[in-house]
Each structure stands twice: as C-alpha cells, then as structure tokens.
Amino acid sequence: MSTTQAANNTSDDEWSLTQDNIVEEEQQQHTISIPKTSEYHRSTDDGCQVAILRSLRAAGVKFLRYTVVDAFNTIRCKTVPISHAMTKLPSRTQMNSAIAMNRPLDNATYQAEICFAGLPSHADIMVPASNLTGRNVLTLQPDFSSLRILPYAPQTAMVMCTGHNQQTKELSPLCNRGLLERVLQEARDGLGVEFCVGAELEFQLFHIETKDGIPQLIDMMTYATAATLNEQEEFIGTLYDQLGEQDIPIELIHTESAPGQLEVVLGYSSNVLQLADDVVLARETISACAKKHKMKAVFLPKTSMMTAGSGCHLHFSFRNVGGSSVDDNAFSDPTQPTGISLQGGSFIEGILDQLPSLLSFSLPTVNSFRRMGPGCWTGSSVGWSTEDKEVPLRVCVDLNTQEATNVELKLSDSTANIYLELAMILVAGMDGMKNEKKLRPMIDDVAKEPLPNTLQESLDLLKKNELLLSVLGQELSTAYIAVRESEVLIEKTLEEEVMDAFNKA
C-alpha cells in the first residue's frame, strides 16, 4: 500500500500523530540536546589550583609547604616542589573534559596519624598510652585561604592543612585545626554568634653569640621603656614589614616587664581560624627575623624565677551572625551594671566553670605553671574583674567610651596549641551561653577558689570533665592526656629548659 493510500485510510488525527512520531525520531537521530542557559553551571573552583601554581611559579616560589600543628604545638610540614606539582596539571584534552580533575594540589602528601597527637613535644618518641601507632597515615588537605609566601624564605610558600582519612576523606578526629573549625560552625549554627579574638605574643630576645655558650639576654630593660625599642629598631622594622607581607596586622609593639622582652599585639579579628593561623605564622616570623639580626627569640613561659614570664594573652568577644564588623559587639551592654551583656556574662561564667581543666590546654607544660601565682599578673584563683591584671579573666573597657569591649584570658602562653586552646575555651564559653549561666560577682567580692598549681592537677580534673572530653572525642583526649602526663615525668630544671630552647635551630 502506498503512503497516499495509507493516508486515505487513516483519520486526520491519527495521521498527525504519525507525523509527530516521525519528526521526533528524526530529531533524536540528528540533533544534540544541550542544557538550557538556566541549567548551566560551572564550579568557580575549577582551575583555581592551576592558577595558584602558575602564580607561585611566576613569583619565584619553588616550594610549597603543607603544614599542620600537632596537638602539642610542634609545627610539622612537608615540602612539595612547584615543578613537581606542575607535572600533575591536566592536559588540554583533559581540561576540556567533563571528568577533568583540575586539583593537582589535593592529596599531594600525608602525615603519619601519630604525628597529629601521639608524639611528645621534645622528641619523636611514641607514647604507648596514647593508643596511637605509626600504622595509619592522614592525607593533608590544603586550606588555600591560609596560603602565604614566606618573606624570610622567599622561595617557599606555606599553606595550613587539615588531616583526613585516606579512604573515606573524612576529617580526622585528631585534627585540631579541624576541631576549631567545627566549634566555630556550631557557634554560628547553634548559637547564632560569631566570635572575635585577639592575641598578644610575648617573647625574650637573647644574643646568639655568647661566651661559653651561656644564653645572654640583649638587655636588662623593664616595662614600656624606650631603650629596647631604640636599640632594636632594625629588628622591629624588619619584623613589621615581614608580618605585613603576610597580611598579619599589628596593633601594638612595646617592651614588657622581663629583661629583653617584647610584646607584639596582633590585630583583633572576626576570622578566628585566620587569627590562629596568624599566631603560628607570627611566631615563625619572629624567630626568623631575630636570627637574621643575630638574636634568638625564646617563647618559654619562664626563663628565670626572678623575672616576669612570657604569655600569649587572648581576648574574646562576639557578635550576632550577620553583623557587619567587629564593632557589632554583642559582648557589651551599657545598660547592665557591669557593662557586659547577659550573654557576655554567660560566656565568661562558662569559662570560669571549666577554667581548672582548661589550664591543661592554655598552660600545657610544667614550665607554664612557673609563670602563675600572686604578683605574676596572671591570677591564681578562679574569678574575673574589670581592668585588673591580677585576675585570670580581665574585662577590658574602651579608653574613650569606657564601655566593656572584650574579656582577656591571661593564663595562656605560647607552649599551647592555639587551635586546640581556642576550641576548648570557646566550647566552655558556649556552654555558659547555651545554658544562660549567671555571671558570679567580681573576685574581690567573693571567697577565692584556688586554681591548680601544677599541670598534673589540671590534667586530673580534665579526666573528669565530661563537657571537654566529649568535644575532644576519645581518640584525641586519650592521646593528649597520655602525652602531657609523659612530659610531666621528665625532670628538667629551668636552666636546662632555657638551654634547650636556646639551642633549638
């Protein structure tokens, strides 16, 4: 039967349907279906790592350090040559492929799991009680928001990393930087607040070239004198420039109470993770600049029982999520008798409740407790006050408005892992906020509750602290306590500790 005859024997509607089917079949055979413009999507991350590599190479950088800070404040890094990373770049064909992987810097290297929490700060000796072994390794995932070219080693860039399970790619519970990120996320999502933090770094300067190898301080000056600033102007200038090249803002530099001691105050920041990175980078830069000027920067809490120690004081405030700047300060409330908001008071009370256990993170060495006590400008009892440098938690006020602006923790020093320390302090404060704890009266108005006198006392209290242990998790808490207790057993005199710090590269 001809097509014409078939059409004559078919209704108009049936004929139209047949024609539609023929057209549809032809379209399927001869046309290409592409996403509509409204369906188009391309990840903004595609090619970013390629651009980073090319930019670093153009800047003369030859090496990229993948860096983590272990739980005991040892910086551990591995270096990947830029030239090697460039060999991982996709070809032009791959670049145009839907399955192209333009992330040559992911999974570039790894660290043994035990390096995150199972090795003491003085040596790479496994502590069996940590329950960690050299069996597992964690891949290092770079956070490129932390990438800096090192001005004291200009052929090298450094990026901070988090540790991840090799198979599942999940964040490791042993990663302290990742722990701080998780705490900050809970603050935003669970409490609707964003924290702001500042840090004050204190250190002493020694001459590198000494008689008989005995450490010698650069001077015998005291608090806020001009002599050290005058004599060390070149060092201070170099330090300021190199910190600036890494986008680490400085608010203040001055001499402190101990001989040869300086304090560098980092800019107050609403990006707490970046502030923690800045603390790590600033300490490295201070050490490198001091060496360039034939000095040794020592961050030990105490170098002599006859002089003041070196701390790393931390300042805290917060704002409601969505605030536009650090100035949107929800910590302050001028209508309250204390000048502190009810939520700010709960934050302080939460820290005070946990302070005896928190010292095992903020004062994590035997030497740390040598700096603590009456007359040491640190406080030795649980309590707070306004503008009192002899209490552990000091509420600071604005010099112009006289309004409360933040609370300073003075029982903190540079032997602490800044990520782990901040995570634990913020968790304690958040617990106070969540449970709307009422701030106790100032320390002058109540009977004083003494704080632990030793690291072991604080660790013993930590073992019973359900809040802090639950946040740390079993793996990290077991390793942290085991290694800190192993370090307590090492009997070193203060003089031996000073020599060890002085002789470190």
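The values are calculated or read from the model by the stated rules, or taken from the named source; none is laboratory data. Computed from a predicted model, the values in this text were never measured in an experiment. Positions of Cβ are generated from backbone atoms using ideal geometry, with glycine treated the same way; all protein chains shown enter the neighbour counts. Heavy atoms of the whole protein, side chains included, go into the accessibility calculation; ligands, DNA and RNA do not. Shrake-Rupley method; radii C 1.70, N 1.55, O 1.52, S 1.80 Å.
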query = What do you reckon, is Ile248 of a type in the set (A, V, I, L, M), in a loop (DSSP other than H, G, I, E, B) and in contact with a strand residue (DSSP E or B) (Cβ under 8 Å, 6 or more places away or on another chain)?
reply = yes
query = Any residue in region 453-473 that is of a type in the set (A, V, I, L, M), more than 19 Å from Ser130 (Cα to Cα) and modelled with pLDDT under 95?
reply = no
note = Within region 380-398, residues of a type in the set (Val, Ile, Thr) and open to solvent by less than 20 Å² (accessible area, probe 1.4 Å) come out as Val382, Val391, Val395
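Each row is one residue, and each column tells you yes or no for (1) aliphatic (A, V, I, L, M); (2) more than 25 Å from Ala423 (Cα to Cα).
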{"residue": "Leu252", "(1), (2)": "yes, yes"}
{"residue": "Glu256", "(1), (2)": "no, yes"}
{"residue": "Val265", "(1), (2)": "yes, no"}
{"residue": "Tyr268", "(1), (2)": "no, no"}
{"residue": "Leu300", "(1), (2)": "yes, no"}
{"residue": "Ser304", "(1), (2)": "no, yes"}
{"residue": "His315", "(1), (2)": "no, no"}
Pair list, Cβ under 8 Å, 6 or more apart: region 425-440 residue over 11 Å from Glu186 (Cα atoms) and acidic (Asp, Glu), other residue in a helix (DSSP H, G or I) and open to solvent by 40 Å² or more (accessible area, probe 1.4 Å) = Asp431/Asp353; Asp431/Leu467; Glu436/Leu342
ask   = Does Pro356 meet the test of being over 14 Å from Gly311 (Cβ atoms), open to solvent by 50 Å² or more (accessible area, probe 1.4 Å) and not aliphatic (A, V, I, L, M)?
value = no
note = Going through region 366-379 in order, the residues found to be open to solvent by less than 50 Å² (accessible area, probe 1.4 Å) and either over 16 Å from Ser310 (Cα atoms) or among the basic types (Lys, Arg) (or both) are Arg371
Conditions (1) open to solvent by less than 50 Å² (accessible area, probe 1.4 Å); (2) farther than 29 Å from Phe502 by Cβ; number of the one not met by Cys312 = (2)
key: Those residues of region 134-157 which are open to solvent by 10 Å² or more (accessible area, probe 1.4 Å) and in contact with a helix residue (DSSP H, G or I) (Cβ under 6 Å, 6 or more places away or on another chain), in sequence order   = Gly134, Pro151, Tyr152
query = What are the pairs, 6+ residues apart or on separate chains, where a residue within region 158-172 that is open to solvent by 10 Å² or more (accessible area, probe 1.4 Å) has its Cβ under 7 Å from a residue that is part of a strand (DSSP E or B) and of a type in the set (Ser, Thr, Tyr)?
reply = His164/Thr139; Gln166/Thr139; Leu171/Thr162
message = Just to be sure before I move on: is Phe361 in a strand (DSSP E or B) and buried (at least 18 other Cβ atoms within 10 Å of the Cβ) in the structure I sent?
response = no
request  = Determine which member of the set Thr401, Thr454 is open to solvent by 30 Å² or more (accessible area, probe 1.4 Å) and closer than 26 Å to Cys196 by Cα.
outcome  = Thr401
request  = Taking the residues in region 48-82 that are of a type in the set (Lys, Arg) and not in a strand (DSSP E or B) as candidates, determine which candidate is farthest from Ser486 (Cα to Cα).
outcome  = Arg54
remark   = Within region 148-177, of all residues that are closer than 24 Å to Gly267 by Cβ and among the small types (Gly, Ala, Ser), the one nearest to the chain's Cα centre (by Cα) is Ala157
request  = Of all residues in region 404-422, count the ones that are within 15 Å of Phe195 (Cα to Cα) and among the small types (Gly, Ala, Ser).
outcome  = 0
ask   = Of the numbered conditions (1) touching a residue at least 24 places away in the same chain (Cβ under 8 Å); (2) assigned to a helix (DSSP H, G or I); (3) under 22 Å from Val498 (Cα atoms), Asp212 satisfies every one except a single condition; which is it?
value = (1)
task = Kindly provide the set of residues from region 207-263 that are surrounded by 20 or more Cβ atoms within 10 Å (Cβ to Cβ) and hydroxyl-bearing (Ser, Thr, Tyr), ordered by number.
result = Thr228, Thr255
